[in-house]
Every structure is written in structure tokens, then in C-alpha cells.
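Structure first, commentary second.
The values are calculated or read from the model by the stated rules, or taken from the named source; none is laboratory data. Remember, predicted model here, so these are calculated numbers, not experimental data. Cβ coordinates were reconstructed from backbone atoms using ideal geometry, including for glycine residues, and neighbour counts include every protein chain displayed.
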Amino acid sequence: MNQVQEVTKKLILAIEESPEYIRYQKAKTELNKYPILKAKADEFRKCNYEIQNSHRDIFEEADKLQQEYAEVLDNSFVREYLTAENAFCRVLQQINWQLIETLDFEADFENTSIQHME
């Protein structure tokens, strides 16, 4: 096993022991006890993901989504799950961002324009 694989395994173990991951797993386990509620929470997550990755007015669409799923979002198990998921995602984003910022990797291709050579 090479050094990168070894360190990756250590990183995974550290993530699994993090408070954010432990909270997320606990919240997921609790919500999974209520399959219908979990399905509604997943519907919300899917719609939210689609809004975040669309070219629509994010704020207006997110507000509509919040109103549409208000009853589901008012449930304490759903709220805890979504909050824990968000915190865990931030941990993963920070790791990814640190890697990209530190290593020489060009990830800004979306912001560059292609110039045609004549």
C-alpha cells in the first residue's frame, strides 16, 4: 500500500471519529426508524439540491421549497438530520477545499473562456 492510501485510511478514521460524523450517523439512524418521514426528507433534499445546482432564482425557489415542506421541516428528527448532514458536508467541503488550495490543481475551468486561435 502506498503512502497516499495509508494516509487516506487515517483520514477516513479521523472523519469517522469526528463529532460531525457521529452526530450525522446518529441522526440518520433515528430518522431511518420513520421510513415515510425519511422519504419526505429525502424528497426535500433532492429538490433543494436541484435548486442549488440550477440557474433559477435560488432564494425565491428555496423559500418556496421551505414553505412547501414546512410540516416535514418542523419535525425534530428531520431538523436534526438536516442540520447534522449540513455540518458533516461542511467538514468534507473544508477537506476538499484545503486539498485544492494547497495542491497545484486547476479547478477554475468554469470561469475561463476558450479563446480560438487563428
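Observations
- Of all residues in the range 32-47, none satisfies being outside any helix (DSSP H, G or I), more than 23 Å from residue 87 (Cβ to Cβ) and among the aliphatic types (A, V, I, L, M).
- Pairs meeting the criteria (first residue in the range 1-17 and in a helix (DSSP H, G or I), second residue hydroxyl-bearing (Ser, Thr, Tyr), beta carbons under 8 Å, at least 6 apart or on different chains) are 15/21.
- Residues that are in a helix (DSSP H, G or I), closer than 25 Å to residue 30 by Cβ and either touching an Asp or Glu at 6+ places or on another chain (Cβ under 6 Å) or at pLDDT 95 or above (or both) occur in the range 92-111; there is at least one.
- Among residues of the range 74-86 that are of a type outside the set (Lys, Arg), those with a Cβ under 9 angstrom from a residue that is in a loop (DSSP other than H, G, I, E, B) and surrounded by fewer than 14 Cβ atoms within 10 Å (Cβ to Cβ), sequence gap 6+ or separate chain, pair up as 77/33.
- When the range 83-105 is filtered for residues that are closer than 14 Å to residue 45 by Cα and touching a helix residue (DSSP H, G or I) at 6+ places or on another chain (Cβ under 7 Å), the ones remaining, listed by number, are 84, 85.
- Residue ID - nearest to residue 21 (Cα to Cα), chosen from residues in the range 48-91 that are among the basic types (Lys, Arg) and modelled with pLDDT of 95 or more: 90
- Filtering the range 10-55 to residues that are charged (D, E, K, R) and surrounded by fewer than 11 Cβ atoms within 10 Å (Cβ to Cβ) leaves 10, 16, 17, 33, 46.
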